[in-house]
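Please read the structure below before turning to the comments.
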Amino acid sequence: MIMTLQFPTMKIQLEDQKSLGEIQQEFSGVFPFLKIEFFTRPHNIGKGTEKKFMRSPQEKLKDVASVKSTQTVDVIADMTVAQLENEFKSLFGLHVQVFRRSGKLWLETTATDSWTLGYQNEQGIELSSGHLNSDNEPIDYHEQE
């Protein structure tokens, strides 16, 4: 049985000096079993994006996005993965992909983009129970080929 968790609405402030890594940390602070990655190109529906197109967390928004002033993205548990990805694309020209923790792995959510962020996070909790390494962390996508 899955427990329904309550996640607050978060507002991600996008400022030109902010790094992609800072945005990732903010997002995962609210959805700890999810993470977002930024890519240089979009993914096709139902398919993932190759690792070679992943952006570095050190990159600044001013260098990769059309952010002209401080702007805000509202992220709520009831929005779908597809809605979040579309929001970043339409407002800022950023290609975002959501990943869900599954045991020791991070999986792209391409087949479940219609699920809400809250439900994705709940699934990550359920799939990761008892399957973490000794540091209580999954294997990072950046370390995989």
Is there a quick way to get the dipole size of the range 29-120? I mean about its Cα centre, with the Cβ of Lys and Arg at +1 and of Asp and Glu at -1; what is the value in debye to the nearest 20? 360
Hey, how much of the P(r) for the range 10-143 falls beyond 28 Å, as a percent of Cα pairs? 11
Order of 115-123, 28-36 by packing, highest average Cβ count within 10 Å first? 115-123, 28-36
List the residues of the range 85-113 whose backbone N lies under 12 Å from a point placed 7 Å from the Cα of residue 59 along the Cα-to-Cβ direction. 93-97
For the range 47-103, what does the alpha-carbon gyration tensor say about shape, rounded, prolate or oblate, given a ≥ b ≥ c as the root eigenvalues, a/c under 1.5 as rounded, and a/b over b/c as prolate? oblate
By the mean-Cβ-within-10 Å protection proxy, highest first, 13-24, 94-105 rank as 94-105, 13-24
Of 75, 103, 91, which is farthest along the charge dipole of the range 10-143 in the positive direction, counting Lys and Arg as +1 and Asp and Glu as -1 at C-beta? 91
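Throughout, read-outs are computed from the coordinates displayed, never taken from laboratory work. Predicted model only: the values in this text are computed from it and were never measured. No Cβ is skipped: glycine too gets one built from the backbone with ideal geometry, and neighbour counts run over all protein chains shown.
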